[in-house]
Amino acid sequence: MNSPLLRRIASAVVAILLFIYMGYQIYNAHFAKIQTETASYASTADTVQVTGTAIRKEKLMASKVNGVITYVIGDGGKVAKGGTVAKIYPNEQSAAAQQQVADLDYQISKLQKLSTPGDTYAASIGSISAQTNLKLVDLLDCIQSGEYSELSNSREDLLYLINERQIVTDKSANFNTRINALKAERETLTKSNSAAIGSVTAPASGYFISAVDGYESVYDYDKILTITPAEFKEKLTEKPVGQTGSIGKICEAYDWYFACPAAADKAAKFKEGDTVSIQFPFASNQTVPATVAAVNQADKDTEAVVILRSSSMNSSLALIRSATAQIQVEKYTGIRVSQKAIHFAKVTKTGKDSNGKATSVTKEVQGVYVMHGSEIEFRQVFPLFSTGNYAICQTDPPKEDLMTDSTVKLFDEVVVEGTDLYDGKVVK
């Protein structure tokens, strides 16, 4: 290396490498590619999946007369104390005939309503067409969601509108011929079949449920809000009690509970008094509103039993006992940004105190880099909900907590890829 030539070559190589390195740094600082993503408005929910038990204040009913039972009220239907919930017939033929008579009575009443001057003749084609379209959508929704218990009602409503259209468009003057035929059929059925030999009345007012599963007396409705996780687990092991002779039950209280065990991390998401939404994916497509009635656990690090209260009821919910549920504990709405865009940076905020004296506070905060003309601007964010891919951030955070001039806004071009990012960096 004592040779002057070798020293000159080595110096030249070092100079070239240094030049390349400096050029690379300058390029990264001013010309490196920056990728952005437009901040959007989004809404999502934090959902907890559990398996729990429906607990109702249930009173069993029995029939004093032997025979074939025909229910006159559906599951989940309301009934007053002393109201008839079932009739007893001597044989299957008479029971089936009575069901046919009830169907005929319904059809006759609908047709008679259409044949009576009044609202039908005042209705417009446009109004009927609009209602028909809505009923068709309802019918398709029932089929798609599997709510077959509501299918019959939607079908009857649609048929009524179609018949009403015939009256309004003068395609049919009335339905007297059809009404007379139905009445004749009803009379024949009534004469040729036996009448009811008994009935079952409700011992109390409430919801009626025809199914009896033996768990009616396992849980104490009046003490369920204080049940411990250990007691609840013990109840789960109890076998159902035989209910020979029971033909159904009345839920005396309109409020019912859904109790479910929950690990400590899941239990922490429930706060007594909060409103939640429940879905039972294997039983009903309906979203059920509920309130967190109790969260019972020894301490915050142990398993809990969560008690939810609801007053919603239909034929599907009435038959639920043990079920898988998806509970929406909270809904988050705000500005959606990619997790790749979120960085930590130290920010200094200057201001004045109540005496007019200058103040300065420095904090490390979460934020994103936003394109502002040809510059990059750091804006603090306040995530409400985060996943591995994105975060939903507050749109209007408290001013006293905001360290930057503003937070991320709708339609901001947020930097998701780039190197050597800092507030005020010029990007050409």
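Along the Cα-to-Cβ line of residue 211, 7 Å from the Cα, sits a label point; which residues in segment 286-315 have backbone N less than 11 Å from it? Only 315 fall inside the zone, counting backbone N under 11 Å. For the chain, a Gaussian network of Cα nodes joined below 10 Å ranks 61, 22, 371 by mean-square fluctuation, and the top entry is 22.
For the pair residue 197 and residue 47 in one chain, pulling the backbone fully straight at 0.36 nm per residue adds 48.8 nm over the alpha carbon distance. Could you give the longest part of the chain that holds none of the GluC sites (Glu not before Pro) found in DSSP loops with at most 15 neighbouring Cβ atoms within 10 Å? By the stated rule (loop sites, at most 15 other Cβ atoms within 10 Å), 1-237. Taking a ≥ b ≥ c as the square roots of the Cα gyration tensor eigenvalues, with a/c under 1.5 meaning rounded and otherwise prolate when a/b beats b/c, else oblate, which class fits segment 230-297? Note, shape of segment 230-297 comes out oblate. Using the Cβ-Cβ distance between residue 133 and residue 338 with R0 set to 51 Å, the FRET efficiency works out to roughly 0.80. If I take every Cα pair under 8 Å that is 6 or more residues apart in segment 271-409, average their sequence separation and divide by the length, what percent do I get for the relative contact order? Computed value for segment 271-409: 19 percent relative contact order. Pairs exceeding a 25 Å alpha-carbon distance, out of 87/249; 78/269; 271/409; 59/135; 363/425; 81/271: 78/269; 271/409; 59/135; 81/271.
Let me make sure I get this right: for segment 378-428, a, b and c are the square roots of the gyration tensor eigenvalues over alpha carbons, sorted descending. Under 1.5 in a/c it's rounded, otherwise prolate if a/b > b/c, else oblate. Which is it?
Values: a/c = 2.14, a/b = 1.29, b/c = 1.66.
Here segment 378-428 falls in the oblate category.
For segment 156-298, taking Cα atoms only, Rg and Dmax work out to 24.9, 73 Å respectively.
Put a dot 7 Å past the Cα of residue 359, heading toward its Cβ, do the same for residue 35, and the two dots end up 4.2 nm apart.
Let me know the whole percent of all Cα-Cα pairs from segment 240-397 that are separated by more than 28 Å. Don't jump to the answer; show the numbers that get you there.
On the way: 6186 of 12403 pairs.
Here the long-distance tail beyond 28 Å is 50 percent of all Cα pairs in segment 240-397.
Ordered by the count of other Cβ atoms within 10 Å of each Cβ, fewest first, 8, 309 give 8, 309. Note that segment 207-214 has calculated 3J(HN,Hα) couplings of 8, 9, 9, 7, 7, 10, 10, x Hz, one per residue in order, obtained from phi through the Karplus relation 6.51 cos²θ - 1.76 cosθ + 1.60 (θ = phi - 60°); glycine and proline are x. Across segment 310-348, the residues whose backbone nitrogen lies under 17 Å from the label position 7 Å along the beta-carbon direction of residue 277 are 310-313, 325-334. Each of 311, 345, 411 was placed along the dipole of segment 276-428 (beta-carbon charges, centred on the mean Cα), and the one lying farthest toward the positive end is 311. Spin-label pair residue 96-residue 399: with each label point 7 Å from Cα along the Cα-Cβ axis, the two points sit 7.8 nm from one another.
Here's how it looks for residue 375: its modeled amide H is under 5 Å from those of 427, which are all 5 or more places away or on a different chain. With a Förster radius of 22 Å applied to the beta-carbon distance between residue 125 and residue 156, the computed FRET efficiency rounds to 0.55.
Separation of segment 269-301 and segment 307-332 by C-alpha centroid, Å? Using only Cα atoms to place each centre, the spacing works out to 8 Å.
Every Cα-Cα pair of segment 200-254 was included, and the share exceeding 14 Å stands at 62 percent.
What are the semi-axes of the equivalent ellipsoid of the chain, taken as the square roots of 5 times the eigenvalues of the Cα gyration tensor, listed largest first and rounded to whole Å? Show your work: numbers first, answer last.
Values: eigenvalues 947, 210, 83 Å².
Computed over the chain, the values are 69, 32, 20 Å.
Listing 415, 329 from fewest to most neighbouring C-beta atoms within 10 Å gives 329, 415. Which FRET efficiency, nearest 0.05, do residue 268 and residue 234 yield, Cβ-Cβ r, R0 25 Å? Efficiency computed from Cβ-Cβ geometry: 0.55.
Would you please classify the overall shape of segment 153-235 from the alpha carbon gyration tensor, given that a ≥ b ≥ c denote the square roots of the eigenvalues, rounded means a/c under 1.5, and beyond that prolate means a/b larger than b/c while oblate covers the rest? Because a/c hits 1.5 or more and a/b fails to exceed b/c, segment 153-235 counts as oblate. So which residue, out of 275, 287, 244, gets the largest mean-square fluctuation from a GNM of the chain using Cα contacts under 10 Å as springs? Per the Cα network of the chain with a 10 Å cutoff, 244 tops the list.
Starting from the coordinates of the alpha-carbon atoms of segment 338-428, obtain the Kirkwood hydrodynamic radius over all distinct pairs and give the value in Å to one decimal. Don't skip to the end; give the middle numbers.
Working: mean 1/r = 0.0709 Å⁻¹.
The answer is 14.1 Å.
The numbers here are math on the coordinates, done by the rules we state, and not lab data. The model shown is predicted, which means the values in this text are computed figures rather than measured ones. Virtual Cβ from ideal backbone geometry, glycine too; neighbours counted across all protein chains shown.
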